[in-house]
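Novice: Starting off with a structure, shown below.
The values are calculated or read from the model by the stated rules, or taken from the named source; none is laboratory data. Just so it is clear, the structure is predicted and the values come from calculations on it, not from any experiment. Heads up, the Cβs are rebuilt from the backbone with ideal geometry, glycines too, and the neighbour counts pull from every protein chain shown. Note: accessible area is taken over every heavy atom of the protein model, side chains too, but ligands, DNA and RNA are not part of it. Shrake-Rupley method; radii C 1.70, N 1.55, O 1.52, S 1.80 Å.
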Amino acid sequence: MNLKIFHLNTQAKIIFTWLIIGSVIIGIIALISINNIQNKLDKNYSEFAQLTTKAIAAQTSDFENVSEEQKALILKDRFSSFIENNEDISFIEYKDKNNKIIYSSKKHLPVNDDDTVLSVSSPVVFNNNITGSVIVGLTGKGIKLISSTTKKTLFGIFALTWLTFTVLLLSSFLLMSKELKNLYKGVKQISTGQFGVKLETENTGELTDAFNDMSKILSKYEEQNIEQLTLERNKLEAVLMSIINGVIVCDNFDNIVLANSASLHMLEVEEKDFINTKIQNYIDSHGQKCFLEKIEEFKDTPLNIIESKPVEFNIEAGKRTIKAMISPMFSKQQDYVGYIIVLIDITRETEVNKLKNTFISNVSHELRTPVTVLRTYIDTLCHNGDDFDEDTKKEFMNTIDNEAKRLHTMVNDILDFSRLESGNIALKKEYTNLIELLEQNINSIKILADEKNIKITLKKAGEIPKVPINIESMDRVIRNLLSNAIKYSPDGKDILVTSCVCDDNKYVEFSVKDNGIGIAKEHLDKIFDRFYRVENATHTIKGTGLGLHLVKLTIEKYHNGSVTVESKENEGSTFTVKLPLNIDENELI
Ligand code: ADP
C-alpha cells in the first residue's frame, strides 16, 4: 500500500468530515437563533400593536354627546398627522357599537392593503359601557427593518465564525500534511537505511522532534552496529589471513569469492587475477586444470556423505605439493551456498617421505655391505682357515673387526636417533676437558684420514676451561664432524680443528674445517634435516643422512648450544659448535 496516499487520504477525510459537521452545526445554530429572534420580534410586535390600539381606543372614548360627523372630523384631526408621521400605522378605523364605520383613515389617506401585515381591534369603553371599537392596521415596517438588520448581523457573525473555523481547519490540515509529508520523506529515507536524517521544518512540531530524536538514536545504533560488525569482520579476516593453511571460498556457481593470503601464496596467483574467476580454470604446474575433475566428483557426491568425508587430492603448484580438501558450505538456515577448499602445504612431508624411503634403501645397502664382508671373511676363515698363515688370518680378523665396528656405529646411530628424537631421555653432563676429547677422536679416526692421506691438526686459542657436556653424545658429535670432513674431502686435503673461548667467557666453541667438496648454497639449510643427503654425494659416498641431524639434536636440544656451517662448493666447509659454560646444576651428574 502506498504510505503517502494512505496518510493524506485519511487525514483529508477527517478534515473534510469535520468541515462538513462544523458547517452543518454552525448553520443549524444560525437558523435556530434567527428563527428564535424572529419569533420574539413577532410576539413583541403583536404586543406593541395591542398596546398602540388600546392607546388609540382610549383617545376615542369621550365622544358621548357628539354627532357622527363631528366624531369623524375630530378623529380625522387627531389621527391624520399621526398616521402620516408614523410609518408603522397603515390605517385607523373607528366603529360605533352597531359596528358602523364612523371614521376610517382609508377614506382620505391612500392605503395599500398589501402593506398591512397586522390589524388589531380594541373595544372603546366609557363608563363601563362599550361604546364602539377601534381597528388599527400596522405596516410592520419598523419590525421588518429590525428583523432584517438582526438577520444580517447574525448571518454575518455566523458566516465569520464558519469562515474562521474553515480557515483554521484547512490551515491546520495544510500544516499537518506538510509535516506528514516531511515525516513520510524521513521515514522513507530511514527505510532505505539512511539513519540520522533530520527533518527541517519552520515550526518544530512534537512529531518532528520525536522523529529527529528517533533518527539520531537509530544512527547511533547503526554506528555501533557497524563498528561491531567491522570489528567482527576484521577479526574473522585477521584469523583467516593469519592461518597458515590456504582457504578458498567458492559460491554456488564456482566463483571464487574469498581467498586468504596463504592460498594465493601456495597456488602462486595474484588476488586480482584469482578472485571472481572460476576455480576450475586454475592451471597447476603440469599445465592441468587440477580442480576440474575433483569439483565434478564433489558435486556428484551426495551432501550427507561429502559433509563427513571431504574430497581430498594433491596439487603440484610450482615447487610445492599441496593437499586440497573440498567441503560444502551451508548458511544458518542450512541452505547449501557453495564450498570451501582448504589447502595444506605438504611439500615437507612429501620430501621427508621421499627421504625416508631413500634412507631405508641407503641403510639396507649400508648394512648389507659389512654383513656381506663379514659373512665372506668368516666363511673363508671357517672353511679354509687352516690354509692361511698367521699374518693373513690377522688381516682377515682386522677387516672383520672394522666392519663389525662400522656396523655397530651405524646401528648405534639409528638407535640414538630414535632415542634423541623422542626427547624422553636426560643426558647428564659433567665438566670435561674438551681438548682431550677432540684429541682422542682425532687419534681414533687417524686410520681413516691416513687412508686418504689427510692430516688433521688441532689448534687451541689460549686455555680452554672444562665444558659441561655429556661425554658419550659429544664424542659422537665430534666423530661425525670429523668423519664427514674426511668423507667429503678429496685425498690430501688437510683438516683443521680449532677451539676457543668466546662471548665473554660464556661459551667454548670448536670448529672442524675441511678443504673438501663443499656444500652448495641451496642445501646449506637442509643438511641438518633428518635423512637429508646432498643429491650428488649420495651415489658415490656412503651415508644415511642421519649424522648432522644427530649433531644438531645433541648440541641444540640437549646442550643448549648451537651448530652452524659455512661452506663454499669445491672449496671446503667449516662446522662450528658453540657450547655454554654455565648450565643448570640439575643437568650435572
Ligand atoms: P651422511 O654423511 O650420512 O650422508 P650427514 O647428516 O652426516 O649424512 O650429512 C648430510 C649431508 O651433508 C651429506 O650427505 C653431505 O652431502 C653433506 N655434508 C656433511 N658434511 C659435509 C662436509 N664436511 N663437506 C661437504 N658436505 C658435507
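Novice: Take the conditions of a type in the set (S, T, Y), assigned to a strand (DSSP E or B) and within 10 Å of the ligand (Cβ to nearest atom) and apply them to T574. Does it pass?
Specialist: Yes, satisfied.
Novice: Let me spell it out: the conditions are (1) more than 8 Å from the ligand (Cβ to nearest atom); (2) among the charged types (D, E, K, R); (3) open to solvent by 40 Å² or more (accessible area, probe 1.4 Å); (4) within 21 Å of I447 (Cβ to Cβ), and R476 meets all of them except one. Which number is the exception?
Specialist: (3)
Novice: How many residues does the stretch 504-532 contain that are more than 8 Å from the ligand (Cβ to nearest atom), over 54 Å from the mean Cα position of the chain (by Cα) and open to solvent by 40 Å² or more (accessible area, probe 1.4 Å)?
Specialist: Adding up the residues that qualify gives 7.
Novice: Which one of N560, N515 is of a type outside the set (D, E), under 17 Å from E430 (Cα atoms) and in contact with a strand residue (DSSP E or B) (Cβ under 9 Å, 6 or more places away or on another chain)?
Specialist: Working: N515 fails: under 17 Å from E430 (Cα atoms).
Checking each option against the conditions leaves just N560.
Novice: Just give me the residues in the stretch 316-340 being within 23 Å of the chain's Cα centre (by Cα) and not in a loop (DSSP other than H, G, I, E, B), in sequence order. Please lay out each step first, then the result.
Specialist: Taking the stretch 316-340 first, the residues within 23 Å of the chain's Cα centre (by Cα) are 328-340.
Those that are within 23 Å of the chain's Cα centre (by Cα) and not in a loop (DSSP other than H, G, I, E, B): P328, M329, F330, Y336, V337, G338, Y339, I340.
Yes/no matrix, rows are residues, columns are (1) at pLDDT 80 or above; (2) in contact with a strand residue (DSSP E or B) (Cβ under 7 Å, 6 or more places away or on another chain); (3) under 30 Å from F173 (Cβ atoms):
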{"position": "V24", "(1), (2), (3)": "yes, no, yes"}
{"position": "S33", "(1), (2), (3)": "yes, no, yes"}
{"position": "A57", "(1), (2), (3)": "yes, yes, no"}
{"position": "L73", "(1), (2), (3)": "yes, no, no"}
{"position": "N86", "(1), (2), (3)": "yes, no, no"}
{"position": "F91", "(1), (2), (3)": "yes, yes, no"}
{"position": "K97", "(1), (2), (3)": "yes, yes, no"}
{"position": "N112", "(1), (2), (3)": "no, no, no"}
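Novice: Something else: Out of the residues in the stretch 542-565 that are surrounded by fewer than 16 Cβ atoms within 10 Å (Cβ to Cβ) and more than 21 Å from S489 (Cβ to Cβ), which is farthest from the ligand (Cβ to nearest atom)?
Specialist: Checked the stretch 542-565; the qualifying residue farthest from the ligand (Cβ to nearest atom) is N560.
Novice: Quick one: which residue in F396, F388 is at pLDDT 80 or above, over 60 Å from the mean Cα position of the chain (by Cα) and either open to solvent by less than 40 Å² (accessible area, probe 1.4 Å) or basic (K, R) (or both)?
Specialist: On the way: F388 fails: either open to solvent by less than 40 Å² (accessible area, probe 1.4 Å) or basic (K, R) (or both).
Only one candidate passes the filter, namely F396.
Novice: In the set F313, F253, F291, which member is buried (at least 17 other Cβ atoms within 10 Å of the Cβ) and either aromatic (F, W, Y) or in a loop (DSSP other than H, G, I, E, B) (or both)?
Specialist: Answer to the check: F291.
Novice: Still on this structure, please answer the following. Using the structure shown, decide if I326 is under 25 Å from V247 (Cβ atoms) and surrounded by 15 or more Cβ atoms within 10 Å (Cβ to Cβ). Steps first, answer last, please.
Specialist: Numbers: under 25 Å from V247 (Cβ atoms): yes; surrounded by 15 or more Cβ atoms within 10 Å (Cβ to Cβ): yes.
Judged against the criteria, I326 is a match.
Novice: Would you be able to tell me the number of residues in the stretch 267-287 that are under 29 Å from the mean Cα position of the chain (by Cα) and either β-branched (V, I, T) or not assigned by TED's automatic domain parsing to the domain that holds I248 (or both)?
Specialist: To start, the set of residues in the stretch 267-287 that are under 29 Å from the mean Cα position of the chain (by Cα) comprises 267, 269-279.
From what is left, the residues that are either β-branched (V, I, T) or not assigned by TED's automatic domain parsing to the domain that holds I248 (or both) are 269, 275, 277, 279.
Number satisfying all stated conditions: 4.
Novice: Is it the case that E535 is in contact with a strand residue (DSSP E or B) (Cβ under 8 Å, 6 or more places away or on another chain), without any contact (Cβ under 8 Å) to a residue 40 or more places away in the chain and either within 10 Å of the ligand (Cβ to nearest atom) or under 16 Å from S511 (Cα atoms) (or both)?
Specialist: Numbers: in contact with a strand residue (DSSP E or B) (Cβ under 8 Å, 6 or more places away or on another chain): no; without any contact (Cβ under 8 Å) to a residue 40 or more places away in the chain: yes; either within 10 Å of the ligand (Cβ to nearest atom) or under 16 Å from S511 (Cα atoms) (or both): yes.
Criteria not met by E535.
Novice: Does I360 fit the bill of being outside the structural domain of V249 (by TED's automatic domain parsing) and within 16 Å of the ligand (Cβ to nearest atom)? Can you show your working first?
Specialist: Numbers: outside the structural domain of V249 (by TED's automatic domain parsing): yes; within 16 Å of the ligand (Cβ to nearest atom): yes.
Answer is yes for this residue.
Novice: Being of a type in the set (D, E, K, R), over 30 Å from V342 (Cβ atoms), assigned to a loop (DSSP other than H, G, I, E, B) and free of Cβ contacts under 8 Å to residues at least 24 places away in the same chain is the requirement here; does E227 meet it? Can you show your working first?
Specialist: Details: of a type in the set (D, E, K, R): yes; over 30 Å from V342 (Cβ atoms): yes; assigned to a loop (DSSP other than H, G, I, E, B): no; free of Cβ contacts under 8 Å to residues at least 24 places away in the same chain: yes.
So E227 fails the test.
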